[in-house]
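Worksheet: one structure, shown below.
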Amino acid sequence: MTVKELARAKLNLYLDVVARRPDGYHDLVSVMQSISLADTLTLERVGEGIVLFTTADLPTDGRNLAYRAAQAFFVALGHSFGVRITLEKNIPMQAGLGGGSADAAAVLRGLNTLAGVPFDTARLCEIAAGLGADVPFCVVGGTKLCRGVGERMEAVQNAHNPFVVVAIAGEGVSTPWAFAQLDARWGDFAECTAASASALPLLVRALSNGEEPMDKALLFNRFESVIEPQRPMVSHIKRTLVDCGALCARMSGSGPSVFGLFESEQGARNAQKALCAIGAKAFLCRFENQKAGE
Ligand code: C5P
């Protein structure tokens, strides 16, 4: 039996960090959005053990979160079976797009199918939470308001479906390093808590009524304050997107990827060309919104 799973990248339409926790992690407030840019995973039941193949230059053992997801699934199941996992990588890595988390979530969903669906979504999310902060969101996808380290999720209605250009240039950003930069810049995050409380409802309202444009004032990413000064290409990409007609442009996650939202496909295509001309990699994609009831 073979199962194919799409591991969709995520964008943070809104991302604020509101507290440093005693365990070293940080409490966030984030609106996460699945997009159509995706890795593909194929899972096949075979003899014994977990075998991971990948098209990318990535480890294929316990250093890979997709592999650890399979281990965690079998621990939760209480027994194991042989599986061959083939990972076709399209999502840029260390980019703030949640690619590793998406792969891990896809492994959990695929193994659940191969095993005859022993776990419901809530249980899969619990297993996911042990793998990384973004993995529970990647199990369900769509548009979610996430709190805690990201594991407390509420569905957000999203009537928008703009054309999205995701662009990246230069080296990846290490997430722990980016959080350490925030600690140094924002201390106890007291200022952030207040800012977050006032701005967030505007975005949630605009998403759900679908009538207000996705203005730049609605999107926010606290990491821009520490990454942009060190990575001039982030600002350059944002400017290029806006010059090409983007409604707004923001960094995703801890960067350095940047996304722009467009009303017209032509505008998005023009931006993609302009970004390639300045040496960035650019992907044209859409939001992946869940239908009501899913
Ligand atoms: O959970 P994940 O493995 O993706 O996180 C990578 C690192 O990012 C953590 O080890 C931690 O340093 C930092 N992090 C954090 N607070 C979060 C998420 C991640 O401090 N909410």
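The values are calculated or read from the model by the stated rules, or taken from the named source; none is laboratory data. Quick caveat, the model's predicted, so the values are computed rather than measured. For neighbour counting, all protein chains shown are included, and Cβ atoms are generated from backbone atoms with ideal geometry for every residue, glycine included. Ligands, DNA and RNA are stripped out before the accessible areas are found, and what is left, the full protein with its side chains, is counted by its heavy atoms. Shrake-Rupley method; radii C 1.70, N 1.55, O 1.52, S 1.80 Å.
Looking at region 199-236, which of the residues that are of a type in the set (Asp, Glu) and assigned to a loop (DSSP other than H, G, I, E, B) is surrounded by the most Cβ atoms within 10 Å (Cβ to Cβ)? Among those residues, the one meeting the criterion is GLU228. Taken over region 138-151, the criterion of being within 11 Å of the ligand (Cβ to nearest atom) and either under 13 Å from LEU15 (Cα atoms) or modelled with pLDDT of 95 or more (or both) is satisfied by CYS138, CYS146, ARG147, GLY148, VAL149, GLY150.
Here ARG147 fulfils each of the conditions (1) under 23 Å from VAL3 (Cβ atoms); (2) touching a residue at least 60 places away in the same chain (Cβ under 8 Å); (3) of a type in the set (Lys, Arg) apart from (1).
The residues of region 76-105 that are of a type in the set (A, V, I, L, M), open to solvent by 20 Å² or more (accessible area, probe 1.4 Å) and closer than 30 Å to ASN12 by Cβ, listed by number, are ALA76, MET93.
Select from region 52-75 the residues that are farther than 23 Å from CYS125 by Cα and among the aliphatic types (A, V, I, L, M) and write down the one among them that is most open to solvent (accessible area, probe 1.4 Å). Applying the filter and picking the extreme gives LEU58.
Do the conditions hold for SER36, that is, is it over 23 Å from VAL149 (Cβ atoms), assigned to a loop (DSSP other than H, G, I, E, B) and more than 16 Å from the ligand (Cβ to nearest atom)? Here the answer is no, as SER36 does not meet what is asked.
Could you tell me whether region 169-185 includes any residue that is within 16 Å of the ligand (Cβ to nearest atom), closer than 17 Å to SER30 by Cα and of a type in the set (Ser, Thr, Tyr)? Within region 169-185, one or more residues are within 16 Å of the ligand (Cβ to nearest atom), closer than 17 Å to SER30 by Cα and of a type in the set (Ser, Thr, Tyr). In the set GLY253, GLY260, GLY279, only one residue is surrounded by fewer than 18 Cβ atoms within 10 Å (Cβ to Cβ) and out of contact with any Phe, Trp or Tyr (no Cβ under 6 Å at 6 or more places or on another chain); that residue is GLY279. Of the candidates PHE179, PHE137, the single residue that is over 19 Å from SER34 (Cβ atoms) and touching a residue at least 60 places away in the same chain (Cβ under 8 Å) is PHE179. Listed conditions (1) within 16 Å of the ligand (Cβ to nearest atom); (2) surrounded by fewer than 16 Cβ atoms within 10 Å (Cβ to Cβ); (3) under 30 Å from SER264 (Cα atoms) are all met by ASN161, apart from (1). Residue count for region 167-198 satisfying the condition of being under 17 Å from the mean Cα position of the chain (by Cα) and either loosely packed, with under 14 Cβ neighbours inside 10 Å or more than 30 Å from GLU126 (Cβ to Cβ) (or both): 4. Among the residues in region 208-215, are any polar (S, T, N, Q) and modelled with pLDDT of 95 or more? No - not one qualifying residue is present in region 208-215. Does ARG8 satisfy the condition of being under 27 Å from LEU218 (Cβ atoms), charged (D, E, K, R) and open to solvent by 40 Å² or more (accessible area, probe 1.4 Å)? Against the criterion (under 27 Å from LEU218 (Cβ atoms), charged (D, E, K, R) and open to solvent by 40 Å² or more (accessible area, probe 1.4 Å)), ARG8 qualifies.
Summed over region 112-137, residues that are away from the ligand (no atom under 16 Å from the Cβ) and in a loop (DSSP other than H, G, I, E, B) total 6. For VAL51, the requirement of being away from the ligand (no atom under 16 Å from the Cβ), in a strand (DSSP E or B) and free of Cβ contacts under 8 Å to residues at least 60 places away in the same chain is met.
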